[in-house]
Amino acid sequence: MKSKFEPSEVEPRIYSMWENSGAFSAGANARKDFPSFCIMIPPPNVTGALHMGHAFNNTLQDILIRWHRMKGFDVLWQPGQDHAGIATQMVVERQLEEAGLPSRDQLGRERFLEKVWDWKEQSGGKIIHQLKRIGASCDWSRNRFTMDKGFHDAVLKVFIELYNQKLIYKGKRLVNWDPHFETAISDLEVEQVEVEGKMWYFRYPLADGESFNYPVEFDESENPVSFETRNYLVVATTRPETMLGDTGVAVHPEDSRYTHLIGKDVILPLVGRRIRIVADSYADPTKGTGAVKITPAHDFNDWEVGKRTNLPAINVMTSKGKMFLNANDDFLGNLDIPECTLELDGLDRFEARKIIVKLMAENGLLDDVQTEKHTVPHGDRSKIPIEPYLTDQWFLDTKKIVGPAIEAVKTGRTRIHPKQYEKIYFSWLENIEPWCISRQLWWGHQIPIWYDEEGNQYCAISEDEAKKMAKGKSLSRDQDVLDTWFSSGIWPIGTLGWPEATPELERYFPTNVLVTGFDIIFFWVARMMMMQLALVNDIPFSDIYVHALVRDKFGKKMSKSLGNVIDPIELIEKYGADSVRFTLTSMAVMGRDLKLSEGRVVGYRNFCTKIWNAGRFLQLNDCQIGPQFDPRNATNEINSWIIGEIAKTQEKVDNALNNYRFNDAANILYAFVWGKLCDWYLEFSKTLLKSEDPELVAETKSTLAWVYKQSLVLLHPIIPFETEELWGELYNEDTRIIHTDWPQLAVKEYEKAKATSEVEWIIGIIRIIRSGKSLLRVPPSAIIPLNVHIMTDKRYEILEKYQDFFERMARTKPLVDKRNPEFESINLDNESFVINVEGGGAISLPLGGVINLKLEKKRLIETRESLKKEISMLKTRLSNEGFVAKAPPEVVEETRENLLKLEEKILNTNAAVNGIQNLL
RNA sequence: GGGCGCGUAGCUCAGUGGUAGAGCACUACGUUGACAUCGUAGGGGUCACUGGUUCGAACCCAGUCGCGCCCACCA
């Protein structure tokens, strides 16, 4: 065995060994009649790179997968990648531009898509390779891509089914439009960004020479007392450029300032168009001026107002967000739209804004400007303000299929962990809006709709089919593609071969756990629920584990623009995949984001080193599990103790993982392996192995080998590489650790209570001797005497039995029986450090010349004082009737026991004080 | 505006009714045959604040202050 564990050498070797031997294949290591256990990987972008969130997400999945595989379940971890419409198209377009190649438009659809496929082929393997680096044990032979033929057709099939059920329809609606990508996006892809903005107050002159009295001063009961005569209305806006598309001004039907103006017209400044003053309760008298300009084609609320009050909608922008004033798009009414003579055509909407404000000011129509913060909707990919835009789009009527998805979680058929996310899930689903599923992109699943010359729709899986339906009419296909999340929505059934009735669908669906971040609950989780239930009438998974976000050490979201991204691959190269995995696991607390700091990784890298060195110790001592060895029959107490401890650890780890308490699992293992196995048992074993009793030596070697082996198995789901390597080094097994059976150590059978309490007592004494020596600055190498003053015979015998351990582990001389039946005073024959022994008894370390008697007396008195304090605290509690009557009996009992222990300690301390006094 | 979460040791975080925990960092000592990526010992916290419930509160409840996030709206 090498003296150091070298992840960079071991990890690739072990991973290929697993992969080449089919260790990850669906059903590998499945025991007969065991149920299936299936996890669908949240498919990463095919052209993406692994970030910390992926590393975290997939580590947790891999833990669950490896754990179940070892337990004998029929396991499938289904991997795959997502085509990521906008993101991928964006990358390829940028590459073309950087390389000075023809642009998307110049290439045309077919040739552009070839470029995208090229890029996919070129970079698509990267993310898979990176997932392998962290040790993900997916069944790669089943890898799926959302644009692969089978999956592609499944997506179209879904569209066709839902279309035929009239759940998918086309309509001209106002949608969130991204002027950069020139596509519609869904509500979810819109981010609200707070910006410092301005509110402009514009005067819109009344038509036909009208004027009115506007109240300007009020008395105490808010009645107007003075008025000014106005021949204009004032409206407020944050987006002046949209005024060119104004087709009305709304006031509240009960706003007495304006009621008499309803039905009259104003002249839209700069444009000269007459637009109507309408009554609509959307206008809030308490906001702005109470009169609100209405631009139905560029504002969601205005669109609704326009529909209610029969105002036309005039689109004033191109799909790129540039002004375009003579579009003559009049979708809601039939007003005659006079030609606009303003020369703004082709100007960017924000440039136009400046000019319009300037023109309004020049015309004396700018009433006021205020600066204020407001939120502006931005495209989550383009990061520019989206534009509400009037277009033809496809929608999925989610309201009609949402019911079962809500029901499934309400009834607990699907459980969300942690539970608090259920609320978020419900609140979104219960207020769901139609889902805009069409995108004006090229990379994606092209909508399977063909149109004939009259515009009739033919929904079919292929052009041939559509032609048949159209009875030979000449057809053209809809140019739009589907939202990427539409295809992700059928990931569970799609990857298993739906719509075919495949054996995999039969075996693994519904799947068991979905492990995902909360940021895609709406995008993905809720939609999978809806779509699976709608298509195959079953839940996609029974459990949803929602994990938190990995943030940087300051709690900031990692992002490229902030430059605070920690690359998991770099961490893996520096510390090894196992260390990174253990770190993420130990921080995976439900419901709280994790701030990753490199210090944690270092700590767990050291843990991996510790495990390695313990393995070396076993090998140096030639530890193997003897053929006759049964851990339940170990005779030596120390051996029994550690056997009991590993059994308890196994139980705790299972319990933690069953409850998705990954951090508990990691911490339990850490505490056992380092705190118990290495710190104590290995040290004890050094003495045991020197025994002259060959049976004890054999039992100890077997125990070491067996307990360490169980530890490796329990660690394997979190630390797969190193445990596999150690397994190969230390144990001659037919199977690799990845396919070893997960232990089931019934604590009742494996733990010997007597051995546990005995060894724990000894550990306590060793600790306190070490502590005493250290406090008194006795050099650790100094070997000191150990006198026993107060002790029952029974306990003294135990103490004697462990003499050799005291000598090795606390550096003491053989113990000397100085017990005196008269407990009045300890018979201290030299300057001594006195120790109260847990559970009764007193020992001393005679340290002549080393310690200052007066100081030691002072220390003892201080000890006595603190004991007194504790005692009086406990006494107060026990004399409290409420406590005795209402506290649980075991708590009262425990308090009594503690009090007795303390009282014994104080007696011993008194005796020690007296002993010292005699010497002084 | 609605909702969720967080505030515990210098740092990163567990704990969640019964006398405060881990890792890292810090201090002292230490090369005993697994391990200096180590060992032993130690210092360090009125568990944000204020009230309440309780025999007992870091934990439950209410409020306050600070931080973060989600949803909605924004004339």
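Every number in this text was worked out from the coordinates using simple rules, so none of it is lab data. Values in this document were obtained by computation on a predicted structure and should not be read as measured data. Cβ atoms come from the backbone with ideal geometry, glycine included; neighbour counts cover every protein chain shown.
Miscellaneous remarks
- Estimated distance in nm for a label pair at A:Lys423 and A:Asn613, the labels positioned 7 Å out from Cα along Cα-to-Cβ: 4.8 nm
- Shape class for segment A:12-56: oblate, because the ratio a/c of the largest to smallest gyration tensor axis (alpha-carbon atoms, square roots of eigenvalues) is 1.5 or more and b/c is at least a/b.
- Reachable lysines, given that their alpha-carbon falls under 23 Å from the alpha-carbon of A:Lys120 and they are not under 8 places away in the same chain: A:Lys132, A:Lys149, A:Lys560
- The aspartates and glutamates whose alpha-carbon is closer than 18 Å to the alpha-carbon of A:Lys4, local same-chain residues fewer than 8 away aside, are A:Glu573, A:Asp578, A:Glu722, A:Glu724, A:Glu725, A:Glu729.
- The helix-based estimate of mean residue ellipticity at 222 nm for chain A, built from -39,500 (n - 2.57) per DSSP H run of four or more residues and divided by its residue count, is -13500 deg cm²/dmol to the nearest 500.
- Degrees separating the helix A:527-536 axis from the principal Cα axis of chain A, which is the longest one: 80 degrees
- If you take all other residues with their beta carbon under 15 Å from the beta carbon of A:Ile569, and give Lys and Arg +1 and Asp and Glu -1, the sum is -1.
- Placing unit charges on the Cβ atoms only, positive for Lys and Arg and negative for Asp and Glu, gives segment A:54-197 a dipole magnitude near 760 debye about its Cα centre.
- For chain A, the longest principal axis of the Cα atoms and the long axis of helix A:889-919 meet at an angle of about 50 degrees.
- Within straight-line reach of A:Lys2, meaning a Cα separation under 18 Å, sit the following lysines at least 8 residues removed in sequence or on another chain: A:Lys610.
- When you restrict to C-alpha pairs under 8 Å that are six or more residues apart and normalise by the size of segment A:379-509, the relative contact order lands at 20 percent.
- Using alpha-carbon coordinates, inclination of helix A:109-133 to the longest axis of chain A, degrees: 10 degrees
- Using 0.36 nm per residue and subtracting the Cα-Cα separation, the extra length available between A:Asp817 and A:Gln192 on full extension is 217.1 nm.
- Distance in nm between pseudo-label sites at A:Glu729 and A:Asn667 (7 Å out along the Cβ direction from Cα): 2.9 nm
- Exceedance of the 28 Å cut-off in Cα-Cα distance is limited, within the set A:Lys410/A:Lys648; A:Lys701/A:Lys801; A:Lys307/A:Lys468; A:Lys400/A:Lys423, to A:Lys410/A:Lys648; A:Lys307/A:Lys468.
- Under the convention that each Lys and Arg Cβ holds +1 and each Asp and Glu Cβ holds -1, the size of the dipole of chain A around its Cα centre is about 2480 debye.
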